[in-house]
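Accompanying notes for the structure given below.
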Amino acid sequence: IFGPWTSLYALPPGRSLDQCRLDIWTARDGLPASEITSIAQTPDGFVWLATSSGLVRFDGSVFTTFDSRNTPGLTSDLIRCLAVRKDGTLWIGTEWGGFGPFVDGKFKPLWPSERHWHRILGMQEMPDGSMAVSVMDNQPSATGIYRVVGDRVIPPAAASTRRVLAMS
């Protein structure tokens, strides 16, 4: 589950895997779903999980779920991808609920004039500070890589049938 595509540091430097402990968490421990589609760690040390039952924050012992019932702005519990900006802000991408920053327990979706977002496949902060967002939609003209500059969402220059499934 861990690999070069994630910025989550699970193994302390100088330790081998046989010197570490393995814990397995399930619903009995408070994990709301067995499907985890993305993992990210914010500078405050929290580990965030994108699940089919909402966004989950893990502090090392307790799972806290943020979903459409308890989180302002979140209209979909199907969280598909996560990204952490250089400033430490967590961004979430959903299925049918858009994408944007998650700040102070609130999801702030960025909506272009068309509300057609189907599935957000990946997000990555670019060197210039903008965000690249891979979108798959039922409308081929809406599928592609969008760019977010500030609060402005810029659609792809041309329609694309190619899908970017992950970014790092």
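With all protein chains in place and ligands, DNA and RNA left out, the 1.4 Å accessible area ranks L110, L17 as L17, L110, largest first. A Förster radius of 41 Å combined with the Cβ-Cβ distance from I36 to A157 puts the calculated FRET efficiency at roughly 0.80. Amide H contacts of F46: none lie under 5 Å away among residues 5 or more positions distant or on a separate chain (H built 1.01 Å from N in the peptide plane; Pro and chain starts excluded). Taking 0.36 nm per residue of separation and subtracting the Cα-Cα distance, full extension of the segment from T75 to S16 would add 17.0 nm. In this view, the solvent-accessible surface of E125, computed with a 1.4 Å probe and all protein chains in place, comes to about 30 Å². Under the rule a/c < 1.5 gives rounded, and otherwise a/b versus b/c splits prolate from oblate, where does the range 7-134 land using the Cα gyration tensor? The shape class here is oblate. What the phi angles of the range 54-66 give under the Karplus curve with 6.51, -1.76 and 1.60, with θ = phi - 60°, is a coupling list of x, 8, 10, 9, 10, 9, x, 9, 10, 9, 10, 9, 10 Hz, glycine and proline written as x.
Hey, what did the range 32-149 get for relative contact order, percent, Cα under 8 Å, at least 6 apart? Answer for the range 32-149 is 16 percent.
The values are calculated or read from the model by the stated rules, or taken from the named source; none is laboratory data. The model shown is predicted, which means the values in this text are computed figures rather than measured ones. Note: ideal-geometry Cβ built from the backbone for every residue, glycine included; neighbour counts use all protein chains shown. Accessible surface areas use protein heavy atoms only, side chains included; no ligands, DNA or RNA. Shrake-Rupley method; radii C 1.70, N 1.55, O 1.52, S 1.80 Å.
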